[in-house]
Amino acid sequence: CIRDSIETVLRLLEDGESVCGLSIERIAREAGVGKAAVYRRWAGKEALMIDVLRTLDEDQPELVGESVRDDLVALLEVMRRRGLAKRHSALLRTMIDQMKAQPRLWEEYHDTVVRGRREALCAVLRRGIATGEIRGDLDPELTADLFTGPMLVRAVLHERADLPEGLPEQIVDAVLAGVRPRP
């Protein structure tokens, strides 16, 4: 029941359904389980959605730490692969669409999925500042946006945009050229 319900929600989101358009009744029907079984596990749709979000949180890649560039490329490669995965892209677009209507859900998405990724990226950037690979006068949070922004725009705003192999390297190299210390 649990896995079937979560998979049903993910499939419906992939097919373009919005969070607001989902109901426990529909989820139960399409999952082939009783509505009571769904309510035994989750108090309502929001609780179910929170568990759906948690299932998509993947481990970050192991960062070697030999160069800031290589670690940034590894982090962006994970974003690229997630962008290629219809499930991740559909969920991200849905979450962005719903963030005002479902603030608790957006907060949970941020806490569950976004925060860890963001902290890993900022840690690499702070290390780059400490080693002199990145200028020290830059805000790591803003710099993180410079690296992730292009990938998110392609994966979320331009849902048919190409996410080719080598894109993370192109983004990292372009941004690093602007954030390196000046001679």
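The values are calculated or read from the model by the stated rules, or taken from the named source; none is laboratory data. Note that the structure is a prediction, hence the values are computed from the model and not measured. Quick reminder, even Gly has a Cβ in these numbers, built from the backbone with ideal geometry, and neighbours come from all protein chains shown. Heavy atoms of the whole protein, side chains included, go into the accessibility calculation; ligands, DNA and RNA do not. Shrake-Rupley method; radii C 1.70, N 1.55, O 1.52, S 1.80 Å.
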Task: Test for ALA144: is it surrounded by 11 or more Cβ atoms within 10 Å (Cβ to Cβ) and under 17 Å from the mean Cα position of the chain (by Cα) - done: yes
TODO: Would you please name the residue that is farthest from GLY149 (Cα to Cα), looking only at residues in region 47-66 that are open to solvent by 40 Å² or more (accessible area, probe 1.4 Å) and at pLDDT 85 or above?
DONE: GLU66
- [ ] Kindly indicate which of ARG69, ARG87, ARG104 is modelled with pLDDT of 80 or more, closer than 23 Å to ILE27 by Cβ and not in a loop (DSSP other than H, G, I, E, B).
- [x] ARG104
Task: Breaking point among (1) more than 17 Å from ARG93 (Cα to Cα); (2) surrounded by 14 or more Cβ atoms within 10 Å (Cβ to Cβ), for THR131 - done: (2)
TODO: Go through (1) at pLDDT 95 or above; (2) outside any helix (DSSP H, G or I) one by one and return the number of the condition GLY136 breaks.
DONE: (1)
Task: Residues (within 17 Å of VAL114 (Cβ to Cβ), of a type in the set (A, V, I, L, M) and touching a Pro at 6+ places or on another chain (Cβ under 8 Å)) located in region 73-93 - done: LEU75, LEU76, VAL78, MET79
- [ ] Please state which one of ARG26, ARG40 is of a type in the set (Lys, Arg), surrounded by 14 or more Cβ atoms within 10 Å (Cβ to Cβ) and part of a helix (DSSP H, G or I).
- [x] ARG26
Task: Unique residue being under 22 Å from MET49 (Cα atoms), under 18 Å from the mean Cα position of the chain (by Cα), part of a helix (DSSP H, G or I) and not β-branched (Val, Ile, Thr) when the list is ARG81, ARG117 - done: ARG117
